[in-house]
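A short reminder: the numbers here are calculations on the coordinates, not readings from a lab. The model shown is predicted, which means the values in this text are computed figures rather than measured ones. Neighbour counts run over all protein chains shown; Cβ positions are idealised from the backbone, glycine included.
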Amino acid sequence: MSFNLVDLVKDQLGGPALGQLGALLGEDNSKTESALGAAIPGLLSGLSSSARADGGASLFNSVKDQDDSFLDNIGGLLTGDSSQAVTDQGNDLLGNLLGSGAVGGLTSAIASLTGIGGKSSSGLVGILAPIVLGMIKRKIFGGGGFSQNAGGLLGLLDSQQDNVQSAMPAGFADQLQSSGFMDHISKLGGDVTAAAGDAASSVGGAVSSAGNAAASAGEAAASSGGGIMRKLLPIAAIVAIAAFGWKFMSGGGAPDMESMTDAAKGAMPSLEVEGTDVGAAFGDIFSSATDTVSGITDVDSAKAAIPSFEGISGKVDGLSGLWDKIPEAGRGPLGGMITEGIGKLTPALDKANEIPGVSGILEPIVGPLMEKLQGFAQ
């Protein structure tokens, strides 16, 4: 049975729901409807590209875990005290699936095309995330004729390519291009995965997946000659480091080296310098910073957080002297990890700074700390 996923999502936000969404965003119905017309195909296009980069594993897991019951009462999603939490969680989810740079590019393109505010655009994308994933879940798990696995998800997305492209407003593809939307998505590992023969089922999944990718790349190269081997070994190294970084940035802890194949172990440059595992150290830094800022609710809690931020800043200073000793092959991917960490930490800091009196307390210590982290990411 044929269906148009763009229209199904749009129908969820028609009628009274459109007015509720506009009120939530602080925009009139005309601008809200125009922004929806761009955001839905833009988001689906990005999710499709991201899914193809890792075989659909990451998006499938997110779809499977998505609660789709709210689709039966969409008004409840758009009103009440929970709406902001839903929006924030949606943006966090998209940051994991697309990368924070891609999410920023999408919201910027929507705002530029339709004239809505940047904050409204970000809110729209955040609220759309669970709706889109919920609708996909119903098609995958609700008897839509697709296999209930990552392959079925890719089949569903492939079936919607024409619908997505047809729904793109005039000039929006150019806006997405100029914002760097697709470029950011490709940096998540799509090019690496393709070059390795789609050997990894998920660049952002378990470390064992990266090990399999590296092994497959090595086996393919061995059968084709030493010249190809020299080209594929760096790919295997990047795949391994990408999975290593994802484990830390998603709170998964250190990778289990025993679960990695010999090919992956050999390809992955060491991130340990003078007895310090630099990757793990940065993972701990972002975890500590996130925990600290999440506890800030007023001026008193901001003051109480200062010693923690001072300790984090000291740890960053301690890593400065080790950075140049990290192998060149590991420095770039590690910098990408740090960029992702900054992208996730910044919105939380911005939210804390909106609390009256807090920004003046945090800025003297947190401002320089973020500048130091940015220095590693460049």
Legend entry - Value of Rg to Rh for the stretch 5-186 (Rh from inverse mean 1/r over Cα pairs, i.e. Kirkwood): 0.93
Inset, instruction - Pairs of lysines 8 or more apart, or on different chains, with alpha carbons under 21 Å: count those in the stretch 5-186, would you? - result: 7
Inset, instruction - For the stretch 276-377, build the charge dipole from Cβ charges (+1 Lys, Arg; -1 Asp, Glu) around the Cα centre, then report which of VAL293, MET370, LEU334 sits farthest towards its positive end. - result: LEU334
Inset, instruction - Please sort by residue number the GluC sites (Glu not before Pro) in the stretch 271-334 whose DSSP state is loop and whose Cβ has at most 15 other Cβ atoms within 10 Å. - result: GLU274
Inset, instruction - Once you have a ≥ b ≥ c as the square roots of the Cα gyration tensor eigenvalues for the stretch 49-113, tell me rounded if a/c is under 1.5, and otherwise prolate or oblate according to whether a/b is larger than b/c. - result: oblate
Inset, instruction - Could you pull the Cα extents of the stretch 290-378 along its three principal axes, largest to smallest, in whole Å? - result: 44, 21, 18
Legend entry - Full-extension gain in nm, ASP7 to VAL299, via 0.36 nm per residue minus C-alpha separation: 100.5 nm
Legend entry - Neighbourhood charge, 13 Å Cβ-Cβ cut-off, centred on SER122 and excluding it, Lys, Arg +1 and Asp, Glu -1: -2
